[in-house]
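Peer 1: One structure follows; several queries about it will come next.
The values are calculated or read from the model by the stated rules, or taken from the named source; none is laboratory data. None of these values were measured; they are calculated from a predicted model. Positions of Cβ are backbone-derived with ideal geometry, glycine not excepted, and every protein chain shown enters the neighbour counts. Calculation scope for accessible area: heavy atoms of the full protein, side chains included, ligands and nucleic acids excluded. Shrake-Rupley method; radii C 1.70, N 1.55, O 1.52, S 1.80 Å.
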Amino acid sequence: DYIWILNNDTVVKKDALTQLVEKAEYYKKANKKVGIIGSKIFYYSDPTKINTVGGIYNKWFGVSKHLGVMEEDKGQYDCEDIVKKIDYISGASMFVSREFIEDVGFMFEDYFLYYEELDWILRGKRKGWQIGYCWDSVVYHKEGAPIGSNIEGKKKSELADYYFFRNRIKFTKKFCPQFLITVYLGFIITVFNRIRRGQFRRLKLIWKVLKS
């Protein structure tokens, strides 16, 4: 009935899956068409700090941010209203119903890294699917360990940077083409940041994306 998609750099609390199943059944009984449910995710290296409870997407610049990132958990995100504040569920832990997949299809593999979960959720929303949130399902995330996609810019690998640049444009063209101009302008800030960090090789990656 359900598929639990987890990053391979996660560790889960003992009852994390049970809590997700119970939340999914709760939504069903409430007649809510919820296709994907997210967990409350903490940093593996510091289990007292929140990694994310969901993501917020900025259409103007084609970038997203985690809600709750680096905050100490005091129960401030333990409520159903959180789903009204987020645009997507973190790909680190996505509890997906079979009905959602049969209706919407799979995630698109051509993204490879970044934006694939947001694409999936927006495709679902076009068919009336909602997202859900289960704060009692706790997951600890090593935060980008496999491919160097750490949230801190200096620690982000060139591979992660390239796909972030590429998919930022790819996603905007597909869902928000009216914001392409401001997204391209946002790359000026990106170039400045890479120069400031001394990451001059990455300017070639940005140029490669912009001319493609």
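Peer 1: From the list Gly105, Gly55, pick out the single residue that is touching a residue at least 24 places away in the same chain (Cβ under 8 Å) and farther than 19 Å from Asn8 by Cα.
Peer 2: Exactly one residue qualifies, and that residue is Gly55.
Peer 1: So Ile86 clears everything in (1) in contact with a Leu (Cβ under 9 Å, 6 or more places away or on another chain); (2) over 15 Å from Cys134 (Cβ atoms); (3) open to solvent by less than 20 Å² (accessible area, probe 1.4 Å) except one condition, right? Which one?
Peer 2: (2)
Peer 1: Might you let me know whether region 126-140 holds any residue that is free of Cβ contacts under 8 Å to residues at least 12 places away in the same chain and of a type in the set (Asp, Glu)? Break it down into steps so the answer makes sense when it comes.
Peer 2: Step one: list which residues in region 126-140 are free of Cβ contacts under 8 Å to residues at least 12 places away in the same chain, which gives 126.
If we keep only those that are of a type in the set (Asp, Glu) too, we end up with none.
Scanning region 126-140, I find no residue that is free of Cβ contacts under 8 Å to residues at least 12 places away in the same chain and of a type in the set (Asp, Glu), so the answer is no.
Residue by residue, here is whether (1) on the phi > 0 side of the Ramachandran plot; (2) of a type in the set (D, E, K, R); (3) part of a helix (DSSP H, G or I); (4) open to solvent by less than 30 Å² (accessible area, probe 1.4 Å) holds:
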residue	(1), (2), (3), (4)
Tyr163	no, no, yes, no
Arg166	no, yes, yes, no
Lys173	no, yes, yes, no
Gln178	no, no, yes, no
Thr182	no, no, yes, no
Gly186	no, no, yes, yes
Ile189	no, no, yes, no
Asn193	no, no, yes, no
Leu210	no, no, yes, no
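Peer 1: Where the second residue is outside any helix (DSSP H, G or I) and small (Gly, Ala, Ser) and the first is closer than 14 Å to Ser157 by Cα and touching a residue at least 40 places away in the same chain (Cβ under 8 Å) and lies in region 195-212, which pairs have Cβ atoms under 7 Å and are six or more apart or on separate chains?
Peer 2: none
Conditions (1) closer than 15 Å to Tyr133 by Cα; (2) open to solvent by less than 50 Å² (accessible area, probe 1.4 Å); (3) among the aliphatic types (A, V, I, L, M), marked per residue:
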{"residue": "Asn8", "(1), (2), (3)": "no, no, no"}
{"residue": "Val12", "(1), (2), (3)": "no, no, yes"}
{"residue": "Asp15", "(1), (2), (3)": "no, no, no"}
{"residue": "Leu20", "(1), (2), (3)": "yes, yes, yes"}
{"residue": "Gly38", "(1), (2), (3)": "yes, yes, no"}
{"residue": "Phe42", "(1), (2), (3)": "yes, yes, no"}
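Peer 1: Working only within region 1-57, note down all residues that are of a type in the set (Lys, Arg) and within 16 Å of Trp120 (Cα to Cα).
Peer 2: Lys33
Peer 1: Among the candidates Gly68, Gly91, Gly75, which residue alone is at pLDDT below 95 and either assigned to a loop (DSSP other than H, G, I, E, B) or exposed (fewer than 14 other Cβ atoms within 10 Å of the Cβ) (or both)?
Peer 2: Matching residue, one of Gly68, Gly91, Gly75: Gly91.
Peer 1: Before we move on, is Lys28 in a strand (DSSP E or B), touching a strand residue (DSSP E or B) at 6+ places or on another chain (Cβ under 9 Å), open to solvent by 20 Å² or more (accessible area, probe 1.4 Å) and of a type in the set (Lys, Arg)?
Peer 2: Numbers: in a strand (DSSP E or B): no; touching a strand residue (DSSP E or B) at 6+ places or on another chain (Cβ under 9 Å): yes; open to solvent by 20 Å² or more (accessible area, probe 1.4 Å): yes; of a type in the set (Lys, Arg): yes.
Considered against the rule, which asks whether it is in a strand (DSSP E or B), touching a strand residue (DSSP E or B) at 6+ places or on another chain (Cβ under 9 Å), open to solvent by 20 Å² or more (accessible area, probe 1.4 Å) and of a type in the set (Lys, Arg), Lys28 comes out as no.
Peer 1: Quick one: what pairs do we get from region 4-30, first residue within 18 Å of Glu117 (Cβ to Cβ) and of a type in the set (Asp, Glu), second open to solvent by 60 Å² or more (accessible area, probe 1.4 Å) and not in a helix (DSSP H, G or I), C-beta under 6 Å, 6+ apart or different chains?
Peer 2: Asp9/Lys142; Asp9/Ala145; Asp9/Pro146
Peer 1: Return the residues of region 111-145 that are within 24 Å of Gly62 (Cα to Cα), open to solvent by 80 Å² or more (accessible area, probe 1.4 Å) and at pLDDT below 95; say none if nothing qualifies.
Peer 2: Listed by number, the list holds a single entry, Phe112.
Peer 1: Of all residues in region 45-65, count the ones that are among the basic types (Lys, Arg), under 16 Å from the mean Cα position of the chain (by Cα) and not in a loop (DSSP other than H, G, I, E, B). Don't jump to the end; show me each part of the working.
Peer 2: Residues of region 45-65 that are among the basic types (Lys, Arg), as a first pass: 49, 59, 65.
Keeping just the survivors that are under 16 Å from the mean Cα position of the chain (by Cα) gives 59, 65.
From what's left, not in a loop (DSSP other than H, G, I, E, B): 65.
Residues in region 45-65 being among the basic types (Lys, Arg), under 16 Å from the mean Cα position of the chain (by Cα) and not in a loop (DSSP other than H, G, I, E, B): 1 in total.
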